[in-house]
Amino acid sequence: MTHEARRTAFHRRVCSCRHRCSCSNTLGAREGSRDPTIMSSEVVIRDPESLEKKKAAIRNAGTSKLQVIADFDGTLTRYWIDGCRGQSSHGLLQQGNPEYDAKRQALYEYYHPLEYSPTIPIEEKTKLMEEWWEKTHGLLIEGGLTYDAIKKSVAGARIAFRDGVIELFEFLEGKGVPILIFSAGLADIIEEVFRQKLHRSFKNIKIVSNRMVFDENGHLIAFKGKTIHVLNKNEHALDMAAPIHGKLGDPNGLDSDSILVKNRTNVLLLGDHIGDLGMSDGVNYENRISVGFLNDNIEESLKNHCEAFDVVYLKDASMEGVVELVSHLCSPN
């Protein structure tokens, strides 16, 4: 199927909800899905007219002005895998010390429901997330994490990319559009997930996340820079970016690509959390299209997500719609 035909099919499936995001248009089940929780794919558009204007402006400006900013866990990766909750880049880690694995799991069970609570004010939630991340990082150091443990953890992890992610990466790489992956997880683990799950690198992708410091024996001894959690990710943290698989630049400082990225003033932002919208705070953008993936607490969170994002995908949808969107944005006039 051609890009034009696929784009037409995509728009026929779109459920538009301009004023009140309470629509529940149910579409057909995704073929090949084994997850009982995924019975349909749904998409809600807050303001179709506004979205079309943004799309036209970005397309007219050309690919040289476009960048993609994406969250990792729950955005590029699937929320459900074979009927079970997929693991995050933090959650998959087994540090080879059952006592400390149990301590980190206890922190997860306490803080994770607070992360997605629709009733906790953002200021209070931010403090809670800072507590969670700092305590977790402390346990990783205290418990003697090694890089070998990271490799083993990823090899046995329940983590997978959404259908269509590779197609998205390949398309944007071909168009020379940079992708910044902002994650509150761990950069070293995300890079290992790319190595083991995709078996290839993409020259246009950079990771901005919490980065570890290992000693000569491969033992974790510290973390670099300020802690990045789910509610403080933004492009001011670009100094921490590093090419996947690469020794191409110093992850402690800006490389030449960073300046070029900041000159790209049209943004496609992908996230699964309202806090992900802050990932573009450091960009003086002219146009931004925000796409949200709402994977859990759908009834409670749908209204807030619709008010925050231009487009909202529900029920662990594939990346197909985003591929169609970028193919439109990158099409010649």
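The values are calculated or read from the model by the stated rules, or taken from the named source; none is laboratory data. Small disclaimer: the values here were computed from a predicted structure and weren't measured. Note that each Cβ is placed from the backbone with ideal geometry, even for glycine, and that neighbours are counted across all protein chains shown. These accessible areas exclude ligands, DNA and RNA; they are computed on the full protein's heavy atoms, side chains included. Shrake-Rupley method; radii C 1.70, N 1.55, O 1.52, S 1.80 Å.
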Item to check | For the range 131-218: rounded, prolate or oblate by the Cα gyration tensor [a/c cutoff 1.5] | outcome: prolate
Checklist entry - At a 1.4 Å probe, what is the % contribution of carbon and sulfur to the accessible area of the range 60-103? => result 51
Checklist outcome for this item: Highest mean packing first, using Cβ neighbours within 10 angstrom, the peptides 144-153, 266-275 sort as 266-275, 144-153
Item to check | Cross-link reach list, lysines versus Lys233, counting only Cα pairs under 20 Å and skipping chain neighbours closer than eight places | outcome: Lys125, Lys127, Lys135, Lys206, Lys224, Lys262
Checklist entry - ³J(HN,Hα) across the range 89-100 via Karplus (A = 6.51, B = -1.76, C = 1.60, θ = phi - 60°), whole Hz, x for Gly/Pro? => result 5, 7, x, 6, 6, 10, 8, x, 9, x, 4, 7
Checklist entry - What list of ³J(HN,Hα) couplings, whole Hz, do you get for the range 118-131 from phi and the Karplus terms 6.51, -1.76, 1.60, once you set θ to phi - 60° and write x for glycine and proline? => result x, 10, 7, x, 4, 5, 5, 5, 4, 5, 5, 5, 4, 4
Next on the checklist: Cβ neighbours within 10 Å, averaged per peptide: list 282-290, 309-317 in order, most packed at the top.
Outcome noted: 309-317, 282-290
Next on the checklist: Going by amide H atoms built from the backbone, whose H comes under 5 Å of the H on Ile207, apart from near neighbours?
Outcome noted: Ile181, Ala242, Ile244
Checklist entry - When averaged across all projection directions, what area in nm² does the alpha-carbon convex hull of the range 261-304 cover? => result 3.3
Checklist entry - Hey, which aspartates and glutamates would be in cross-link range of Lys53, C-alpha to C-alpha under 15 Å, not counting anything within fewer than 8 residues on its own chain? => result Glu286, Asp310
Checklist entry - How large is ³J(HN,Hα) for each residue in the range 283-288, as worked out from phi by the Karplus curve 6.51 cos²θ - 1.76 cosθ + 1.60 (θ = phi - 60°), to whole Hz, x for Gly and Pro? => result 9, 7, 7, 8, 9, 9
